[in-house]
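Encoded as structure tokens, the structure appears first; notes follow it.
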Amino acid sequence: MRALKKLLYVNKDLIINSSPEGVEIALLEEKKLVEIHNEKIDARWSVGDLYLGKVKKIIPGLNAAFVDVGFEKDAFLHYTDLSPYAKSIIKFTQLAMNDHDKSFDFAGFQAAPEIFKTGKISEVLNGKPNVLVQILKEPIAAKGPRLTCEISLAGRFVVLTPFNEIVAVSKKIHSNEERKRLQKIIEAVRPKNFGVIVRTAAEGKTTAELHEDLLTLEANWNNIQSNLKGALPPARIMNEESKTTSILRDLLNEDFNKIVVNDKKIFDITLSYLQRIAPAKSNILSLYDGDQPIFDQYGITKQVKSSFGKTVNLPSGAYLIIEHTEALHVIDVNSGFKSVSNNQEENALQTNMEAAEEIARQLRLRDIGGIIVIDFIDMKLPENRRKVQESLEDFMKTDRARHSVLPISKFGLLQATRQRIRPEVNINTSEDCPACNGTGKITSTLLLEDEIEKKMSYLATHGHKSLILLVHPIIHSHLTKGIFNNIIKRWKNKYKIKLKSQADNSSHLVEYKFLDENLEEIKIF
């Protein structure tokens, strides 16, 4: 419950960094980085894009087909992704492509019979027709994109699904009265030959707001129909919105505090979008013109450096080891030098609870998908294992990707799955070592001050009252410079210890040692 209450009201900031290579978008919750998106200038693929594809090969053994949509490897379309209305989509595609006199009216479209759930793809795609498809998953590793014929157009409050007449309301809207109200409104304004999924964000919205969202999506469908006319496969028929606007569309709510952009063109596009979907929120947008890079100004660079390595340190001194293989991801929880009590079970519980919050953030931040195995610290009591599982589930409530979490086994292992639709975000966090002319790697120098303080705090709480810190002369200068900004003095006052920094010419740039009052080195594992 503690985790759930913490997630009810979350302050969100969106920081957008434009560069010649593309656009980087960082989502912060309570100043902590939880999502980072990279939209490159030459990016061709985006989940949600619509393509006119040509069926190239049918594989009966897989009950699937390979479709040419312009990628170097043909895209994969499985029978289960055809949608019950696959024959209607094929029929629509042909009519729209040949509509040279613009006489085709979708409102009068006669749907074809639905296909069977257990049918064969060779029966549906017989003749290898041209077909309108949507990107379901981006290319991952050596695989081409995965496709679907279950076409959907997402708006702020509703999702439009052509070729059916079904109206569904999000299960996250719990009030029966509200669900009935929304169902009644949509049934009254729904265009012919379209189904509608009512999103959670529609809760409490007026008929006018919902109708406007529907009209916008219907106009998008008309553009798709127009773009199909005379098109030759492979061809992109509709672009998904930019990542900036799609994030705003899916996430924008009263929790957003600010949106900061460092590019005037993106600022204008974002402002126009905000004025259209949420005019009251236009004032949270600002154009950044500071001297520092925008990601440095908002502490994002430092968070990236500390969050994407193999080892992720936690505030208490515990840490995670994150590794992945072709089949799955493995996360190992380690206690480090953490010790909150003499009770081993209590220590394990507290460390695991802290790790659960960071693991939920890491899965979302790195966009880790597939099978995930988490090796928590062993706990004997079943109720403690249940607490950790429930905590992880609570922290993952804000994750937009579909996921499932299983109970922790008696060996301390928790299995989870998370939807994978894009390649995992993988950022190199190491830097060329200045002490060895780039032949080795060191952890980021941005984190050195925090690391030294963490180790010193540990020593101070374990009885060491007099310490000497040996560091590289440059680091020594940084720690002792100035009267008011002297870091060593601040640490002495904060931890009530005798502390002295000494320059050591033999130390590498990020190497440091602690000596006790007998000038003997203190080893910290």
Every residue from the range 501-525 that is in a loop (DSSP other than H, G, I, E, B), touching a residue at least 24 places away in the same chain (Cβ under 8 Å) and either out of contact with any Leu (no Cβ under 9 Å at 6 or more places or on another chain) or of a type in the set (Phe, Trp, Tyr) (or both): ASN505, HIS508, LEU519, PHE525
Does LEU147 count as aliphatic (A, V, I, L, M) and either out of contact with any Phe, Trp or Tyr (no Cβ under 6 Å at 6 or more places or on another chain) or part of a loop (DSSP other than H, G, I, E, B) (or both)? yes
Collect the residues in the range 130-143 that are over 19 Å from the mean Cα position of the chain (by Cα) and open to solvent by 20 Å² or more (accessible area, probe 1.4 Å), keeping them in residue-number order. ASN130, ALA142, LYS143
So which residues in the range 304-354 are outside any helix (DSSP H, G or I), in contact (Cβ under 8 Å) with a residue 12 or more places away in the chain and of a type in the set (Gly, Ala, Ser)? GLY309, SER316, GLY317, ALA318, ALA327, SER335, GLY336
Name the single residue, out of those in the range 180-204 being farther than 16 Å from TYR85 by Cβ and aliphatic (A, V, I, L, M), that is most open to solvent (accessible area, probe 1.4 Å). ALA188
Which of the residues spanning the range 187-210 are over 19 Å from PHE106 (Cα atoms) and not hydroxyl-bearing (Ser, Thr, Tyr)? ILE197, VAL198, ARG199, ALA201, ALA202, GLU203, GLY204, LYS205, ALA208, GLU209, LEU210
Any pair with Cβ under 6 angstrom, 6 or more apart, that starts in the range 148-161 at a residue that is closer than 23 Å to VAL67 by Cβ and ends at one that is surrounded by fewer than 22 Cβ atoms within 10 Å (Cβ to Cβ) and among the small types (Gly, Ala, Ser): CYS149/SER83; GLU150/SER83; THR161/SER152; THR161/GLY195
Check whether at least one residue in the range 171-179 is open to solvent by 30 Å² or more (accessible area, probe 1.4 Å) and closer than 23 Å to PHE66 by Cβ, and report yes or no. no
Close pairs (8 angstrom Cβ cut-off, 6 or more residues apart or separate chains): within 19 Å of ASN257 (Cα to Cα) in the range 282-295, hydrophobic (A, V, I, L, M, F, W, C) and open to solvent by 40 Å² or more (accessible area, probe 1.4 Å) anywhere: SER282/LEU271; LEU285/LEU271
Condition first: crowded, with 20+ Cβ neighbours inside 10 Å and touching a Gly at 6+ places or on another chain (Cβ under 8 Å). Can you find one or more residues in the range 78-96 that meet it? yes
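The values are calculated or read from the model by the stated rules, or taken from the named source; none is laboratory data. Predicted model, so just to flag it, every value in this text is computed and none were measured. Virtual Cβ from ideal backbone geometry, glycine too; neighbours counted across all protein chains shown. Accessible surface areas use protein heavy atoms only, side chains included; no ligands, DNA or RNA. Shrake-Rupley method; radii C 1.70, N 1.55, O 1.52, S 1.80 Å.
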